[in-house]
1. Keeping all protein chains in position, work out how much accessible area A:Lys245 exposes to a 1.4 Å probe, and write it in Å² to the nearest 10.
2. Could you give the nm distance between label points at A:Lys279 and B:Ser307, where each point is 7 Å from its Cα heading toward the beta carbon?
3. Which whole-number percent is the relative contact order of segment A:1-78 (Cα, under 8 Å, 6+ apart)?
4. Charges only on Cβ, +1 for Lys and Arg, -1 for Asp and Glu: so what's the dipole of segment A:91-158 about the Cα centre, in debye to the nearest 20?
5. At a threshold of 8 angstrom on Cα-Cα distance, excluding pairs fewer than six apart, so keeping six or more, what relative contact order does chain A reach in percent?
6. Counting only DSSP beta bridges with both residues in chain B, tell me the antiparallel percent, nearest 5.
7. Per the 1.4 Å probe, what fraction of the accessible area of chain B, in percent, lies on carbon and sulfur atoms?
8. Residue separation times 0.36 nm, minus the C-alpha to C-alpha distance between A:Glu120 and A:Leu299: what's the value?
Number of protein chains: 2
Amino acid sequence: MKALWLENNKISLRDDVPQPQKPNEALIKIRKAGICSTDLELVKGYYPYTGVLGHEFVGEVVEAPDASWIGARVVGDINAVCGKCEACLNGRSTHCESRTVLGIVNRDGVFAEYTTLPLENLHRVPDSVPDKMAVFTEPLAAALEIQQQIQIKPTDRVLVVGAGRLGQLISQTLALTGCDLHVLARHSFQQNLLTARGIRIISAENIQPRKWDVVVEVTGSPDGFNIARTAIRPRGTLVLKSTYKGDMSVNFSSIVVDEINIVGSRCGPFEPALRLMEKREVDPTVLIAEEYALGDGILAFEKAAKSGMLKVLVGA
Amino acid sequence: MKALWLENNKISLRDDVPQPQKPNEALIKIRKAGICSTDLELVKGYYPYTGVLGHEFVGEVVEAPDASWIGARVVGDINAVCGKCEACLNGRSTHCESRTVLGIVNRDGVFAEYTTLPLENLHRVPDSVPDKMAVFTEPLAAALEIQQQIQIKPTDRVLVVGAGRLGQLISQTLALTGCDLHVLARHSFQQNLLTARGIRIISAENIQPRKWDVVVEVTGSPDGFNIARTAIRPRGTLVLKSTYKGDMSVNFSSIVVDEINIVGSRCGPFEPALRLMEKREVDPTVLIAEEYALGDGILAFEKAAKSGMLKVLVGA
């Protein structure tokens, strides 16, 4: 089958990738897939990975150990887990030490005609949620992981640093809490998307230092981290929602003196993401910048890698 | 009056320090004071400070705006706060932006014959708590700040990295939660103090990586931080209880992927500390290594600065 293959930090479009066959898992025909920053980082070689790229998708089950799934339009949790280890048995299955991760760790991904996942990973997509919306379930779930980890009070002053793909989704979901939200967006088109939804933007100069109850850092850059660190109030919570290249040098004494809480945040819950899209409480489709056929996948990746680019989708 | 004075990173015993006079505050005659790591760091010049050193004390009120305090044996919160700012009005008065801090920030400390503090900072010491125990109220409160900030479950596997002055007090208070506690103690006399209380020690080689629910870092060294970071499980909580010299280089991507929670922790609540000492649930007096008269304060500081030294007290 056709697929985007990563090997030795080189991405290629191949026609000869064997169609996946895992009798205990569902075979899913990909309808749409999305390119995210993690894909771009894998191509840059930040993490070692060989195989089919991609983990954001909506597809249709064509084969399954349980026939009731066949024909279902689905999205899927990207962590395939053992279900037996200490992490799995204590409600932290996304941290299963022997997990494989769709298109990221030891499991072929979704920039392909077909992929496979265990049935327990699948979520049926409501009819009212179209493909172009459902394809955002995974990153929207990642945005909701923040509220899964920490309490956002309606009275909290919340700052989001960075308004790219994930920053936009985080801003949309945080806005639903009623909190006093401001977003630092670099590009005017990012700002326009936010203001169109009534979300307030703020410039770096206007961010008051030591005044924000919660700051979410989504840039993955030391500059973004420093802005976030300066903004957070003593005993505030700094959520890190992006990975950073290499190590970062940080003054931990001030974090102790100010009793800052730093929270790393990754994958989130799919069902709430689907519920919010079904009710149109969020609209991730405004992020769609371009859409390419799988055969133009290399071009799609080139496009997605441009600075400030929003979501590039890859169709089947 | 006699006092230990810090100026230009040089500590000196002076006889000519004016007795403090603040009509709105209590005048307190110092009975005993303790030397802690912060005092030693101030002498090293990690933070700029000029004035009388010291913040751990027990004393007797000799003058007060409210006469009912006169004669009371007291300990005192070290942060003198405005009571009006956003932090003060929201239950975070130890983070008052205009605070002065006893012997640390713009407020003469307790290695002196007398000190002053606002009445609202004072706590009466129960008769059954002797001076040599009460003098530990401040560091014991700092230990309890951990449970003030995060939930320690009785089923949690908890690791304390470092068993010096503060590490011992933290170990004693954490042991009261019933958690599965282990302490990494470098020196045999530190180990003996712990095992004498039935607290389990562990060697660095035996610390299982990625298995501990809560890790408390009390060494203030990059090595200690790395041991703690390696030990913590995904979604675990890493409490930083010590300050670090300069910046520290840390891999934040792994903190995001593992969804680690890092919590800086500083001053804590005095009343629970006094309650635990009154009930003899903790015994900080086992930490007393040496006791000197104020006139021998320089010698006391030299002693306290020795590696692995436990608590050195300075009497009036």
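The values are calculated or read from the model by the stated rules, or taken from the named source; none is laboratory data. In this text the structure is predicted, and so the values were computed from the model without any measurement. Virtual Cβ from ideal backbone geometry, glycine too; neighbours counted across all protein chains shown. Protein only, heavy atoms only, side chains kept; ligands, DNA and RNA dropped before computing areas. Shrake-Rupley method; radii C 1.70, N 1.55, O 1.52, S 1.80 Å.
1. 140
2. Once both label points are built, they end up 6.0 nm from each other.
3. Values: 127 pairs, mean separation 24.3, N = 78.
For segment A:1-78, the relative contact order is 31 percent.
4. That gives segment A:91-158 a dipole magnitude of about 280 debye.
5. Relative contact order, chain A: 19 percent.
6. Working: 31 of 56 bridges.
That works out to approximately 55 percent antiparallel.
7. Its accessible area is 48 percent carbon and sulfur atoms.
8. Result for the pair: 61.1 nm of gain on full extension.
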